[in-house]
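**Q** Have a look at this one.
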Amino acid sequence: MSFIWPFMLAALGLVPLGVVLYLQLQRRRQQAAARYGSLGLVQTASGAGVGWRRHVPALFFLFGLTVLVFALARPQAVVSLPRVEGTVMLVFDVSGSMAAEDFEPTRMEAAKAAATTFVQGQPPTVQIGVVAFSDGGLAVQAPTEDQAAVLAAIGRLAPNRGTAIGGGLAAALETIFAADQPQELQLSDLTQAPPAPPTAVPAGTFAPAVIVLLSDGENNARPEPLDVAQAAADRGVRIFTIGVGSPTGTTLTVNGFTVFTQLNEPLLQRMADLTGGQYFNAADEEQLQTIYSGLQPQLVVREQSLEVTALLAGLGIALLLGGGAISLWWFSRLP
């Protein structure tokens, strides 16, 4: 337990003072009883004949005041709140082949529609970011709980050229860790040279963040996707991959041009396995919708510091009221 105003704990020094005053008061009562012992009224006032019960209300008052002093220091306790928290990075392949019309109306539009449904189905406490990659990776929306902003970013996506899967993953990782670990992962380092190995998290430990990557082609630019996937695994970030298209390759007509595209399914499978994620193959727009709606990222619930001042204040007041009630019940007076 920690305290926002720890200096208020100095008031606990008043508690022993209260005990001393109570003992002196009891001593005076006993002295008065001894001096005027023949008077029954004085004997009653001194507590004669009630034994240990005469101290019970005072103990309630003592504990109540002590708890209230702790409440003044505004204590905080680490608790697990019943809410799902985490970060989901949606990483879109926006290469030219995503304009193909083998999905209705196009691969790109089908992917955007499926992602929109996925975003709308997430709890409001989950932050979602968007990354697009063609020749390189670019974060088009930082992780946010504002679903309208995320949907607007998805709506702006359009096919371009190139397929830099590793660049898209690197941009997603850099975005996830930009707030608290900017030095650990720089996109420029990944595109020019292998990154320095980070301190790997224990096996089976996952960060409260996942990457959902959708691609329809083969990687043709640096960095190597498996190098970036290993960096994600070392940080406990899982990658869920979705393949669109044919692993054997197919020739498509895109904007009047003939394009041969081939899905690198083993690469997507390997990236998912390396990070503890899962690979899916989307044969058509309906299956793509089903895949997105069925994703279970298993986001980690974080423990949070919660101020418990109100709880302690309520407990302290309850103890004071309890002591007063017992005193009135047993002795028809307050302590």
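The values are calculated or read from the model by the stated rules, or taken from the named source; none is laboratory data. None of the values given here were measured: they were computed from a predicted structure. All Cβ positions, even for glycine, are placed from backbone atoms using ideal geometry, and neighbour counts span all protein chains on display. For the accessible areas, the whole protein counts, side chains as well, though only heavy atoms, and no ligand, DNA or RNA atoms are used. Shrake-Rupley method; radii C 1.70, N 1.55, O 1.52, S 1.80 Å.
**Q** Given the options Leu288, Leu267, Leu263, name the one that is within 25 Å of Arg235 (Cα to Cα), modelled with pLDDT of 75 or more and either touching a Cys at 6+ places or on another chain (Cβ under 8 Å) or surrounded by 13 or more Cβ atoms within 10 Å (Cβ to Cβ) (or both).
**A** Values: Leu288 fails: within 25 Å of Arg235 (Cα to Cα); Leu263 fails: within 25 Å of Arg235 (Cα to Cα).
Criteria check complete, one pass: Leu267.
**Q** Within region 63-88, can you find the residues that are modelled with pLDDT under 85 and either surrounded by fewer than 19 Cβ atoms within 10 Å (Cβ to Cβ) or charged (D, E, K, R) (or both)?
**A** Within region 63-88, Ala77, Val78, Val79, Ser80, Leu81, Pro82, Arg83, Val84, Glu85 qualify.
**Q** Now a separate question. What residue, of Gly277, Gly243, is assigned to a loop (DSSP other than H, G, I, E, B), surrounded by 18 or more Cβ atoms within 10 Å (Cβ to Cβ) and modelled with pLDDT of 80 or more? Can you show your working first?
**A** Numbers: Gly243 fails: assigned to a loop (DSSP other than H, G, I, E, B).
The unique qualifying residue is Gly277.
Matching residues to (1) in contact (Cβ under 8 Å) with a residue 12 or more places away in the chain; (2) basic (Lys, Arg); (3) open to solvent by 10 Å² or more (accessible area, probe 1.4 Å); (4) outside any strand (DSSP E or B):
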site	(1), (2), (3), (4)
Leu90	yes, no, no, no
Met98	yes, no, no, yes
Asp102	yes, no, yes, yes
Ala111	yes, no, no, yes
Val119	yes, no, no, yes
Pro123	yes, no, yes, yes
Gly129	yes, no, no, no
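**Q** Report yes if Gly316 is at pLDDT 85 or above and either polar (S, T, N, Q) or buried (at least 20 other Cβ atoms within 10 Å of the Cβ) (or both), otherwise no. Walk me through how you get there before you give the answer.
**A** Numbers: at pLDDT 85 or above: yes; either polar (S, T, N, Q) or buried (at least 20 other Cβ atoms within 10 Å of the Cβ) (or both): yes.
Yes; evaluated as a whole, the condition is true for this residue.
**Q** For region 131-172, how many residues meet the condition of being closer than 22 Å to Pro225 by Cβ and part of a loop (DSSP other than H, G, I, E, B)?
**A** 10
**Q** Taking the condition among the small types (Gly, Ala, Ser), more than 24 Å from Leu268 (Cβ to Cβ) and at pLDDT below 85, does Ser188 pass? Can you show your working first?
**A** Details: among the small types (Gly, Ala, Ser): yes; more than 24 Å from Leu268 (Cβ to Cβ): yes; at pLDDT below 85: yes.
Spelling it out, Ser188 is indeed among the small types (Gly, Ala, Ser), more than 24 Å from Leu268 (Cβ to Cβ) and at pLDDT below 85.
**Q** Report yes if some residue within region 218-230 is within 27 Å of Asn160 (Cα to Cα), open to solvent by less than 60 Å² (accessible area, probe 1.4 Å), hydrophobic (A, V, I, L, M, F, W, C) and at pLDDT 85 or above; otherwise report no.
**A** Checked region 218-230: at least one residue is within 27 Å of Asn160 (Cα to Cα), open to solvent by less than 60 Å² (accessible area, probe 1.4 Å), hydrophobic (A, V, I, L, M, F, W, C) and at pLDDT 85 or above.
**Q** Still on this structure: From the residues in region 296-313 that are surrounded by fewer than 19 Cβ atoms within 10 Å (Cβ to Cβ) and within 30 Å of Gly245 (Cα to Cα), which one is modelled with the lowest pLDDT?
**A** Filtering first and then ranking leaves Gln298.
**Q** May I ask you to verify whether Ala139 is under 23 Å from Ala282 (Cα atoms) and either open to solvent by less than 50 Å² (accessible area, probe 1.4 Å) or among the hydrophobic types (A, V, I, L, M, F, W, C) (or both)? Even if it seems obvious, please write down each step before you answer.
**A** Numbers: under 23 Å from Ala282 (Cα atoms): no; either open to solvent by less than 50 Å² (accessible area, probe 1.4 Å) or among the hydrophobic types (A, V, I, L, M, F, W, C) (or both): yes.
Judged against the criteria, Ala139 is not a match.
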